[in-house]
1. I'd like to know if region 191-207 contains one or more residues that are under 19 Å from residue 156 (Cα atoms), polar (S, T, N, Q), crowded, with 18+ Cβ neighbours inside 10 Å and touching a residue at least 40 places away in the same chain (Cβ under 8 Å).
2. Would you confirm, using the coordinates I've provided, whether residue 239 is assigned by TED's automatic domain parsing to the domain that holds residue 315, buried (at least 23 other Cβ atoms within 10 Å of the Cβ) and touching a residue at least 24 places away in the same chain (Cβ under 8 Å)?
3. Filter region 12-35 for residues that are in contact with a helix residue (DSSP H, G or I) (Cβ under 8 Å, 6 or more places away or on another chain) and of a type in the set (A, V, I, L, M, F, W, C); which is modelled with the highest pLDDT?
4. Only residues that are assigned to a helix (DSSP H, G or I), farther than 26 Å from residue 132 by Cα, small (Gly, Ala, Ser) and touching a strand residue (DSSP E or B) at 6+ places or on another chain (Cβ under 9 Å): list them for region 43-80, please.
5. If you go through region 195-231, how many residues are of a type in the set (Ser, Thr, Tyr) and farther than 22 Å from residue 180 by Cα?
6. Counting only residues that are touching a strand residue (DSSP E or B) at 6+ places or on another chain (Cβ under 7 Å) and surrounded by 14 or more Cβ atoms within 10 Å (Cβ to Cβ), which one in region 100-114 is nearest to residue 71 (Cα to Cα)?
7. Considering only region 286-302, I want to know if a residue exists there that is in the same structural domain as residue 244 (by TED's automatic domain parsing), under 20 Å from the mean Cα position of the chain (by Cα) and closer than 29 Å to residue 248 by Cβ.
8. Of the residues 101, 120, 85, which single one is closer than 20 Å to residue 277 by Cβ, in a loop (DSSP other than H, G, I, E, B) and not assigned by TED's automatic domain parsing to the domain that holds residue 239?
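The values are calculated or read from the model by the stated rules, or taken from the named source; none is laboratory data. What you are looking at is a predicted structure, and each value in this text was computed from that prediction instead of being measured. Cβ coordinates were reconstructed from backbone atoms using ideal geometry, including for glycine residues, and neighbour counts include every protein chain displayed.
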Amino acid sequence: MLSPLVRSFDPARHPQLLAGLGTPDDAAVYRLNARTAVVATVDFFAPLVDDPWRYGAIAAANAMSDVYAMGGEVALALNVAAFPEDLPPETAAEIIRGGAEKVAEAGGVVAGGHTIWDAEPKYGLSVLGIAHPARLLRKDALRAGDRLYLTKPLGTGVILAATGGGGDSPWLEGAVDSMLRLNRHAAHLAVSHRLRAATDVTGFGLAGHLWEMVERSGVAARLDAAALPLLPGAREAAANGAHTGGEGRNRDWVGDRFSADADAPAELAAIAFDPQTSGGLLLACPARRAAALEEAFAAAGEPLWPIGRVTRGEPRIELR
């Protein structure tokens, strides 16, 4: 992990920097005034699927998700790309078009970027968003008694591993549809209901990102294994031995701070560590407002799954 190295470069705290190296979160946040803060993030990766437009759109949705995890709205994005010199120009154009169209769907605009030659394609975005500094969603704001929710089902990693990211598998189609869906309106609902704690579930998996939250908040969490929402095929893929390198690294990182009951199926524990691409938001809601939050998501046609709760105690995660 590079966190200790990066944090060693942290300068004296700037009074307007609300989230940065010293207070890490899903994105950097800089307050411009009492009503406006800038949210900045960057993300890119190699192709996960064969179709170039889908690759670009998924990479864009994934990059923008960090802005939504902070409670912000996407305004501007810049392409970050590395393409082989022999990549057909029409393929590169489709990747960039997919990203630009997904940013437009988010209400933002791609205004430029930077491209280099590289042996393996890589694509993503540097994203600039806007948020109200008093309404940010933070990783360190869990409180005992909070209910935990997910806005997307789990399993993109094992499904991509099982299908290779190509072909006409219905499992892959379901995973792609999920990865293409923006977390934008889910973030709107979270902010409008005055939630304070959230993150998005990406490379560290559900357990890894939840660990970040409980560690920084000084609380524990309990997950209901039977309540975890799964993409079609995810459980079967995991049970059949589909795994990723990221799952093992996530397990090593969280270590013995995660425990699973003997009754919890092994494939569900594996999926809890499965690295997600463009995964959902992990939201925490005070118990007294949970019913209203669920009703609002249902009325808006936005999926929302209750998956557990925050408890008192030393930071750790239990899967039951």
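1. Looking for residues that are under 19 Å from residue 156 (Cα atoms), polar (S, T, N, Q), crowded, with 18+ Cβ neighbours inside 10 Å and touching a residue at least 40 places away in the same chain (Cβ under 8 Å), one finds at least one in region 191-207, hence yes.
2. no
3. Step by step, filter region 12-35, then rank; the result is 27.
4. Scanning region 43-80 gives a single hit, 56.
5. 1
6. Of all residues in region 100-114, those touching a strand residue (DSSP E or B) at 6+ places or on another chain (Cβ under 7 Å) come to 100, 103, 106-114.
Then keep just the ones that are surrounded by 14 or more Cβ atoms within 10 Å (Cβ to Cβ); that gives 100, 103, 106, 108, 110, 113.
Working: 100: 22, 103: 17, 106: 14, 108: 15, 110: 20, 113: 25 Å.
Checked region 100-114; the qualifying residue nearest to residue 71 (Cα to Cα) is 106.
7. Looking for residues that are in the same structural domain as residue 244 (by TED's automatic domain parsing), under 20 Å from the mean Cα position of the chain (by Cα) and closer than 29 Å to residue 248 by Cβ, one finds none in region 286-302, hence no.
8. Testing whether each residue is closer than 20 Å to residue 277 by Cβ, in a loop (DSSP other than H, G, I, E, B) and not assigned by TED's automatic domain parsing to the domain that holds residue 239 leaves just 120.
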